[in-house]
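Novice: Sharing a structure below in structure tokens format, with a few things to ask.
The values are calculated or read from the model by the stated rules, or taken from the named source; none is laboratory data. Quick caveat, the model's predicted, so the values are computed rather than measured. Here Cβ is always computed from backbone atoms with ideal geometry, including for glycine, and neighbour counts include all displayed protein chains. Protein only, heavy atoms only, side chains kept; ligands, DNA and RNA dropped before computing areas. Shrake-Rupley method; radii C 1.70, N 1.55, O 1.52, S 1.80 Å.
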Amino acid sequence: MRKAYANRGLELPTQKNSNVASAKPRSKPKPNALQVDNLPKDQINQLMVNDPPSELLPTQKNLNVALAKPTSKPNNKPNAPHHQNKQPFRKSKSSRSTNQPINPILSSKILQELIDVPTIQSPKLRATACPVSQPTTDDYRLNITHGAKLIFADDQQKQTCLLNANFIQGHATQCHGAINDEREIVLGLDFGTSSMKVVIGDSTLGIAFAVPFTAENGIKRYLLPSHVYETKGVFSLQQGEQDYRDLKLSLIANPTNLILQKNVIAFLAFVIRYTRSWLFHEHADKYCNTRIFWKLKIGLPVAHHLDQSLSKVFSQSGLIAWLVANTQGEITTAVIDSARVLCNVPTKEDIEIEVVPEIAAQIYGFVKSNQFDKRALNLYLMVDVGAGTVDSSLFQVRSAKAGRCDFEFFTSVVEPLGVMNLHRYRVKWWQTALQKNGDIRFFQSLEKLKFQTDREVAIPDYYSDYFKGISVGFADDKQTPDNIFFGKVREQVKGKTYWKTWKSRLLKQAELQGIPVFYCGGGMRMPFYQRLHDQLHSDPSCSWLSAIPHRIECPKRLNAPGLQREDFDRLTVAYGLSFLEVGKITKAIPQPNQIDYPVSNWQENYINKDQC
């Protein structure tokens, strides 16, 4: 220490040995700390070490100065000498200090964070600059009051009360009577993650019937929960020992699983039985003398429809379900196994099974309206927010012969970002946040809220609405669970579907600017997903990226008592399936880059006489 002072031209402050008794009594207690008020800050830095002597303590005045003035930037150059980039040392003017030293409990490590990094460092431990922490998902603080409680409870799903339970027992394929007419009837099955929607289409009469399943009001009466029960090999729509849910997504994830196929077949068989029985009961006057040729159309997301193996599984499951529905008695595993064998044998069944892209069916109502111009480019962006998934596609529609429509899909993406997956993401976040905070009171209650994706229950609009008495403060609002999840939704729709169409050289910017976009599905009722309107309407960083919202109006020929016009988008797929005649379905390929070949001069093919 003495040598360090001598190198700087200073004299080491001395202190008398406290063990030697003084001849003169002291009026004041002997000082036990060195006043450093009179030293300049750079001199203090030269004197500070990682383990300074206890006599070297700053006063409150120096500490205030250190707090007020930002620290200097550390030298990031490797192996830089300690005196590099330092100002020359200058002696300070002497002045009398009246400040008293602060509490010596303040450690040397805290002092080093308040003032510049010293040039003299301890050989045991080098001082390093603390990195500035960037906001992460953990940069939040929970404020939990004593009366905190979970206000979003598990509303147990009620047993499905069918409008007429006897309909699921009907197996007749014709409305008995004297046959004097023949007609094709189409059953459009919108097999959704959470619910089934069915529309019966009769192109001869030019009318469609939305099939009601329950006595609920509005759109709910046309929604049948997509789950089935089983008890010892006997299936039911209303109760049973085993409750099978997530029927559609489970089969899509593992299409070769025979058990999952059997569950889907049983559910579809009940739907077919109910639909035909309802039609014959409610509209017997129209079909009692008509021989009906049936056509069954099942909707499937475009990305899955283009998978031929998966499309075949759903088509075969629909055929087996039709054969099962034609049998008398209960629907059992044995009946399904027998029908599986029969489906490979030619039969006299008047049935045609077709798997159709859901989005192609959704746009049908618009294509057949007065808003559709056959001479226009007819590029469309469709976003369907369901309970389990978000299905987004950008495609072109062309009118074909015999009233058919050709579809060319440029991009099509299906991701598990639907309403119930948003809900489960929020629940998981709350469990993690509370656990990190040391509060596990609500863990089990939150665990019970992880519904299957076939639930129709409305979830809170925001993640913060799950609790009362708990507030969350984020260092960066972009890191809230809702904003993180919505970022994935935005990336799918705006990035992977819309922007990628241009990036992959499928379409030009001028063709994509102002493209019509249709928002469908029950999830679009939530303010969370309605944010897509603003995200797709304009982008300051990309002027051509602008989609104009359009609406598919409810057609007059749809017979659906009690349905509000604003809820028709929930039935657009089933309605389109009941009438749409699909022509070609193609997937666009990128346009080749234009290659500019050099123009050859005719003289290059001949030898100049001067070269001979």
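Novice: Looking at segment 375-551 only, what percent of DSSP beta bridges run antiparallel? Nearest 5 please.
Specialist: In segment 375-551, approximately 70 percent of DSSP beta bridges are antiparallel ones.
Novice: To continue, here is another question. Using a/c under 1.5 as the rounded threshold, could you call segment 165-359 rounded, prolate or oblate? The axes a ≥ b ≥ c are square roots of the C-alpha gyration tensor eigenvalues, and prolate needs a/b larger than b/c, oblate otherwise. All intermediate terms of the calculation are to be shown ahead of the outcome.
Specialist: Numbers: a/c = 1.36, a/b = 1.33, b/c = 1.02.
Verdict is rounded for segment 165-359.
Novice: Can you tell me what the convex hull of the Cα atoms of segment 137-264 projects to on average, as an area in nm²?
Specialist: Values: hull surface 59.6 nm².
Mean projected area of the Cα convex hull: 14.9 nm².
Novice: Magnitude of the Cβ-charge dipole of segment 344-391, K/R +1 and D/E -1, about the Cα centre, nearest 20 debye?
Specialist: 320 debye
Novice: Further, regarding this structure: Given the Cα atoms of segment 255-363, and with Rh set as the inverse mean 1/r over their pairs in the Kirkwood sense, what is Rg to Rh to two decimals?
Specialist: 0.99
Novice: Taking a probe of 1.4 Å, how large is the accessible area per residue of segment 375-551, in Å²?
Specialist: Per residue, segment 375-551 has an accessible area of 44 Å².
Novice: Further question on the same structure: Please identify every one of the trypsin sites (Lys or Arg not before Pro) in segment 165-267 that sits in a loop by DSSP and has no more than 12 other beta carbons within 10 Å of its own beta carbon.
Specialist: Answer by residue number: K232.
Novice: Within 10 Å, count the other beta carbons around each residue, average over each peptide in 497-507, 414-424, 431-441, and list them highest first.
Specialist: Numbers: 497-507: 18.4, 414-424: 22.7, 431-441: 13.7.
By packing density, highest mean first, the sequence is 414-424, 497-507, 431-441.
Novice: Just to confirm, what accessible area per residue do you get for segment 155-222 at 1.4 Å probe, in whole Å²?
Specialist: Solvent-accessible surface per residue comes out at 45 Å².
Novice: Given the pairs K286/K368; K401/K584; K401/K508, which span a C-alpha to C-alpha distance of over 19 angstrom in this model?
Specialist: With Cα atoms farther than 19 Å apart: K286/K368; K401/K508.
Novice: How big, in percent, is the set of alpha carbon pairs in segment 204-302 lying more than 17 Å apart? Write out the running numbers ahead of the final one.
Specialist: Numbers: 3013 of 4851 pairs.
Pairs farther apart than 17 Å: 62 percent.
Novice: Mind jotting down the distance between the C-alpha centroids of segment 289-308 and segment 445-500, whole Å?
Specialist: The two parts, judged by their Cα centres, are 34 Å apart.
Novice: Rounded if a/c is under 1.5, else prolate if a/b is larger than b/c, else oblate: which is segment 375-551, with a ≥ b ≥ c the root eigenvalues of its Cα gyration tensor?
Specialist: In terms of gyration-tensor shape, prolate.
Novice: Using 31 Å as the Cα-Cα cut-off, could you pick out the over-long pairs in K197/K468; K448/K478; K468/K494; K374/K587; K232/K428?
Specialist: K197/K468; K468/K494; K232/K428
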